[in-house]
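Colleague: Have a look at this one.
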Amino acid sequence: TVFPSDLPHWIRQISEALSVCLCVQSNIVLLTQAFRKKFVIPDFMSFAAHIDKLYDKAKNMSGGQVADYIPQLAKFSPDLWAVSLCTVDGQRHTVGDTKVPFCLQSCVKPLKYAIAVHDHGTEYVHRFIGKEPSGLRFNKLFLDEDDKPHNPMVNAGAIVCTSLIKVSVHQVSVFQSERESGDRNFAIGYYLKEKKCFPEGTDMTSILDFYFQLCSIEVTCESASVMAATLANGGFCPITGERVLSPESVRNTLSLMHSCGMYDFSGQFAFHVGLPAKSGVAGGILLVVPNVMGIMCWSPPLDKLGNSVRGIQFCQDLVSLFNFHNYDNLRHFAKKLDPRREGGDQRVKSVINLLFAAYTGDVSALRRFALSAVDMEQRDYDSRTALHVAAAEGHVDVVRFLLEACKVNPIPKDRWGNTPLDEATHFGHHEVVTLLQEYHNKYSPAEKHSPSEKATADKDHAANNLDSMLET
Ligand code: GLU
């Protein structure tokens, strides 16, 4: 806050204190996590740098058509492209046209379904709407065998869902434009009315007006990422800490986004990306990484199935790089990055286990660690590695396993400058000395990597050479 310079000193001080309070209050979750050093993505800077690269890659894509069946949508430039994310503890990153307003369109469907379940519970809502992918285009006049819309992510289901919630919004221009070109939705509305799909006493035309209003709610990529993050966070807003949706409503919503959220690409999206998402005709994709973050991607050109071309590319690239796919194995699949918290405690435990296995000569424990992508070059507080310990204890089979199967650096120096060879020599373990000597001779400076490069290379190596590791 900038205060006028002629304010009396005491007023200025109180005002400053108040603005600090407001600042703290509106970022309470973020600050608490920061003080506890407990962010879900601890190295957020490097995570954000990866996101920027994925963004840049998708930016170069051309192709797709900006939707024009609602005239207001046709006005958007096909070059617009934005990605914003918000973690469950309120860390945020945005890149591209993230402040340009656009309308949620079908991205609002999961939100209103969540509100309906929050207000009325699962059983009541699903008296009117199914839970099954329809296998048909989102705006078909079609009901399931019980004469209910298939799910709340298609128009018929979303219109019935609208009749279950009560708030009202006003986004006049898109709303008007949408209503004027809404013949199909009127047709669906009358069909639903004929089939008695609405709760008793529903005024169908005013529900349709409300449906159009909800489609035309304007967001920016930044603001929508907080909505997605609220779904990622079990219904708690990650910025204010406020509970806005019940856990039941959020879990239902994520399940249906996962199976039905991406039009006729839903099955493929669930297969390749494995995350709940919902796209809309304005080019938005609301993507949720449960318990980690919410993401909003937005770019108006759509593919033939109605999903944002750049958005789909981004989502696919995201899960190729990070182990966010619902069925990625978090322990054994070393090829993808895991940006999630690896708490200090866990790291300490992992070093202790590793060094203890080296100390006791437990090759099978070490093999298990290596197969679970543990960094076999980790160091303790004296900068000693498993190789130092095994060499000092004379465990030649452990030394061989670390060198041959794990390809660890053979000449690490501890805090006193000692290498494993120094240790083996000092304690008179001749077989280990001979083995390490060979590696000293082979290891030319040109082969040296930076420690982090080396660790990644080793992990890849570990993953690629399961067979050799199992045999060694
Ligand atoms: N306003 C759109 C409709 O009901 C929503 C379509 C969409 O985003 O899928 O036709």
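The values are calculated or read from the model by the stated rules, or taken from the named source; none is laboratory data. Because the structure is predicted, anything quoted here is derived from the model rather than measured. Backbone-built Cβ (ideal geometry, glycine too); neighbour counts: all protein chains shown. Quick note on the areas: whole protein, heavy atoms, side chains included, nothing else; ligands and nucleic acids left out. Shrake-Rupley method; radii C 1.70, N 1.55, O 1.52, S 1.80 Å.
Colleague: So Arg331 passes all but one of these: (1) more than 30 Å from Val40 (Cα to Cα); (2) open to solvent by 50 Å² or more (accessible area, probe 1.4 Å). Which condition number does it fail?
Modeller: Checking Arg331 against (1) more than 30 Å from Val40 (Cα to Cα); (2) open to solvent by 50 Å² or more (accessible area, probe 1.4 Å), the one that fails is (1).
Colleague: Assess whether Asn291 counts as being open to solvent by 10 Å² or more (accessible area, probe 1.4 Å), of a type outside the set (Lys, Arg), over 21 Å from Ala158 (Cα atoms) and more than 13 Å from the ligand (Cβ to nearest atom).
Modeller: yes
Colleague: Also, quick follow-up: If we only count helices (runs of 4 or more DSSP H) wholly inside segment 160-235, which ones have 1 or more residues that are modelled with pLDDT of 95 or more, within 22 Å of Leu286 (Cβ to Cβ) and more than 12 Å from the ligand (Cβ to nearest atom)? Can you show your working first?
Modeller: Numbers: elements: 172-180, 183-194, 204-215, 221-232.
Here the list reads 221-232.
Colleague: Which members of segment 311-328 meet the condition of being touching a strand residue (DSSP E or B) at 6+ places or on another chain (Cβ under 7 Å) and buried (at least 22 other Cβ atoms within 10 Å of the Cβ)?
Modeller: Within segment 311-328, Gly311, Phe314, Cys315, Phe324 qualify.
Colleague: If you take just the helices (runs of 4 or more DSSP H) that sit entirely in segment 381-467, which of them hold at least 3 residues that are touching an Asp or Glu at 6+ places or on another chain (Cβ under 6 Å) and either open to solvent by 10 Å² or more (accessible area, probe 1.4 Å) or at pLDDT 95 or above (or both)?
Modeller: Values: elements: 386-393, 396-400, 420-426, 430-442, 451-464.
Of the helices (runs of 4 or more DSSP H) lying wholly inside segment 381-467, those with at least 3 residues that are touching an Asp or Glu at 6+ places or on another chain (Cβ under 6 Å) and either open to solvent by 10 Å² or more (accessible area, probe 1.4 Å) or at pLDDT 95 or above (or both) span 386-393.
Colleague: Now for a separate question. With the requirement that a residue be among the charged types (D, E, K, R) and more than 16 Å from the ligand (Cβ to nearest atom), what does segment 95-131 give you? Don't jump to the end; show me each part of the working.
Modeller: Of the residues in segment 95-131, the ones among the charged types (D, E, K, R) are 97, 99, 109, 112, 119, 123, 127, 131.
If the condition is that a residue be among the charged types (D, E, K, R) and more than 16 Å from the ligand (Cβ to nearest atom), then Asp97, Lys99, Asp119, Glu123, Arg127, Lys131 are the ones that fit.
Colleague: Please determine whether any residue of segment 130-148 is farther than 23 Å from Phe236 by Cβ and not in a loop (DSSP other than H, G, I, E, B). Steps first, please.
Modeller: Taking segment 130-148 and keeping what is farther than 23 Å from Phe236 by Cβ, we get 130-148.
Next cut, not in a loop (DSSP other than H, G, I, E, B) only: none.
Checked against the condition, which is being farther than 23 Å from Phe236 by Cβ and not in a loop (DSSP other than H, G, I, E, B), segment 130-148 yields no hits at all.
Colleague: Could you grab me the full set of residues in segment 168-203 that are free of Cβ contacts under 8 Å to residues at least 40 places away in the same chain and aliphatic (A, V, I, L, M)?
Modeller: Val172
Colleague: Report, by residue number, each residue of segment 259-277 that is farther than 16 Å from Leu318 by Cα and of a type outside the set (A, V, I, L, M, F, W, C). Break it down stepwise before answering.
Modeller: We begin by selecting, within segment 259-277, every residue farther than 16 Å from Leu318 by Cα; these are 259-267.
Hits for segment 259-277 are Ser259, Gly261, Tyr263, Asp264, Ser266, Gly267.
Colleague: Turning to a different aspect of this structure: Inside segment 41-79, can you point out the residues that are away from the ligand (no atom under 16 Å from the Cβ) and touching a Ser or Thr at 6+ places or on another chain (Cβ under 6 Å)?
Modeller: Listed by number, the list holds a single entry, Ile41.
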